[in-house]
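Below is one structure; the comments refer to it alone.
The values are calculated or read from the model by the stated rules, or taken from the named source; none is laboratory data. Here the structure is a predicted model, which means the values were calculated and not measured. Because the Cβ atoms are built from the backbone with ideal geometry, glycine has one as well, and the counts that use them run over all protein chains shown. Accessible surface areas use protein heavy atoms only, side chains included; no ligands, DNA or RNA. Shrake-Rupley method; radii C 1.70, N 1.55, O 1.52, S 1.80 Å.
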Amino acid sequence: MDKWLWQARFFKSRGLAASCAIGGHLRINGRHATKAASAVGLGDVLTFTQGDTVRVIRITALGTRRGPAPEAQGLYEDLGPKDPPKKPVPPIARIEGNSRPTKRDRRKLDLDRRGALE
């Protein structure tokens with residue numbers, strides 16, 4: 001399973017793919033994968049997080065190597081939403097003046113930035 005995720009170019013390394021499975025962030029046909037070496041086959045549905053999005057993938061072919069991106073895209077069918085809605089990021093308020101922000105201003109900036117990311 002970790003090798004297939006790496007060949008399909010969902011993760012940069014097999015180690016990252018394995019940590020996704022071991023950490024409990026991957027489901028194979030609705031069941032949590034507990035091992036990185038779980039067997040997958042044609043028609044299996046994988047559900048995992050990639051960044052801040054949830055990916056739902058159906059395996060259509062088994063790869064033999066980690067080839068170019070067009071070859072990797074032929075290994076799966078994406079069952080997730082085609083275009084996830086993007087949240088507009090509000091601008092962060094700037095502090096007036098040319099001086100460095102005070103501790104209070106800095107906390108306020110951090111709260112504004114954290115709110116923009118969520």
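Below are the figures for this structure:
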| item | result |
| --- | --- |
| Local electrostatic count, residue 46, Cβ distance below 15 Å [Lys/Arg +1, Asp/Glu -1] | +3 |
| Cα gyration tensor shape for the range 1-71, rounded if a/c is under 1.5, else prolate or oblate | rounded |
| The range 1-52 - percent of accessible surface contributed by carbon and sulfur, probe 1.4 Å | 54 |
| Estimated distance in nm for a label pair at residue 82 and residue 35, the labels positioned 7 Å out from Cα along Cα-to-Cβ | 4.0 |
| Total formal charge among the other residues, if their Cβ is under 10 angstrom from that of residue 71, Lys/Arg +1 and Asp/Glu -1 | +3 |
| Modelled FRET efficiency - R0 30 Å, residue 25 with residue 99, Cβ distances, 0.05 increments | 0.10 |
| Extension gain from residue 108 to residue 55, taking 0.36 nm per residue of separation minus the Cα-Cα distance | 15.7 nm |
